[in-house]
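The values are calculated or read from the model by the stated rules, or taken from the named source; none is laboratory data. Given the structure is predicted, the values throughout are model-derived calculations rather than measurements. Here the Cβ positions follow ideal geometry from the backbone for every residue, glycine too, while neighbour counts run over all protein chains shown.
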Amino acid sequence: MTSLTRIRVSNAARLRFRTIFFYVLAAALAIVMLLPFYWSLLTSLKPNEDIFTIPIRWLPNRLTFEHYKTAFTTVPFGLYYWNSFFLASAGVIANLFFGSVSGYAFAKLKFKLNKPLFTVLLAAMMIPGVVTLIPTFFVLKHLPLLGGNDILGDGGNGLLNTFWGVIIPGASGSFAVFFMRQFFLTLPSDMMEMARIEGAGEFKIFWRIYWPLTKPALATLGIFTFQAGWNSFLWPMIVLNDPAKHTIQMGLQAFSYNYQTDYGPMMAGALVAVLPILIMFLFLQKYFVQGIAFSGVKG
């Protein structure tokens, strides 16, 4: 065997070893990531007496669907599902439109306060959401002429205990504007100049030319926004007092009471609650990957 042949065999062996090591490592990480989900599924199917057995039985002797029955009879999951879906979908529509319009303006339009306003936007992204809870609550409660308020914003509840009180504060998030701006920066400006020469207005240029090109970014932002809206708990709990307007995340707290938690029904409800997110990702994963690839190309 010549030295050149030995080198080729050695390189092939190294490449094979690296490939095997990569797949083994990826499989191990996948198992670690899926283990909590598997434990939740297992807990939802175990009888109560087997949930806290030590050592943990990863392959239970008996399965039961009693926890799912308890979950659906304890709280009106159908109503909560609709409320969560409505709020999350409204948030997606608002963020896709307003985020796109604002992102297009920051990326393609030249105006005096472009950079200062975008700097303020970036600074706003650094502020934790919990800091703005009280000011936002105060503003919603004292909106003039809404919810029984007078012209000075007193006497009523404003937009509290309404779906609008959940939708409006997050209708155009800082992340949505930043994300869409980054995507619009990757699109050429030649089309915009040609459309202006033809006499098209700015909104028509945005809507007819650039909007159709943003499908990957819109799909990605839609997934992020829907997931955030679907999983939102703190703000809806503060704003919505009417049980008929509760979301599915608020409904899960029904299984935690008197310093005790009914883990079986809670895990069953949590798994049912996560299904829309999984289904949405499965259908839009192609656009999700494309949007992640394009969004950070140009700063």
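Every condition in (1) hydrophobic (A, V, I, L, M, F, W, C); (2) more than 23 Å from the chain's Cα centre (by Cα); (3) within 26 Å of Trp82 (Cβ to Cβ) is met by Ile167 except one, and the failing one is (2). The residue list Ile168, Ile151, Ile197, Ile205 contains one member that is free of Cβ contacts under 8 Å to residues at least 40 places away in the same chain and buried (at least 20 other Cβ atoms within 10 Å of the Cβ), which is Ile205. The conditions of being within 24 Å of Ala90 (Cα to Cα), assigned by TED's automatic domain parsing to the domain that holds Pro135 and at pLDDT below 85 are not met by Ala176.
Would you check which residues across region 1-53 are under 30 Å from Leu63 (Cβ atoms), part of a loop (DSSP other than H, G, I, E, B) and modelled with pLDDT under 80 and list them? Phe52, Thr53 - these are the residues of region 1-53 that are under 30 Å from Leu63 (Cβ atoms), part of a loop (DSSP other than H, G, I, E, B) and modelled with pLDDT under 80.
Considering every residue within region 53-70, establish whether at least one is farther than 29 Å from Ala244 by Cα, β-branched (Val, Ile, Thr), surrounded by fewer than 17 Cβ atoms within 10 Å (Cβ to Cβ) and within 24 Å of the chain's Cα centre (by Cα). No; the residues of region 53-70 include none that is farther than 29 Å from Ala244 by Cα, β-branched (Val, Ile, Thr), surrounded by fewer than 17 Cβ atoms within 10 Å (Cβ to Cβ) and within 24 Å of the chain's Cα centre (by Cα). Counting only helices (runs of 4 or more DSSP H) that sit wholly inside region 63-126, those with at least 1 residues that are under 30 Å from Leu271 (Cβ atoms), modelled with pLDDT under 90 and of a type in the set (Gly, Ala, Ser) are 66-74, 77-108.
Scanning region 176-194 for residues that are assigned to a helix (DSSP H, G or I) and out of contact with any Gly (no Cβ under 8 Å at 6 or more places or on another chain) yields a total of 5.
Pick from Ser89, Ser100, Ser84, Ser174: which is hydroxyl-bearing (Ser, Thr, Tyr) and touching a Pro at 6+ places or on another chain (Cβ under 9 Å)?
Exactly one residue qualifies, and that residue is Ser84.
On the given criteria, is Gly158 part of a loop (DSSP other than H, G, I, E, B), assigned by TED's automatic domain parsing to the domain that holds Gly91, in contact (Cβ under 8 Å) with a residue 12 or more places away in the chain and within 30 Å of Pro243 (Cα to Cα)? Answer is yes for this residue.
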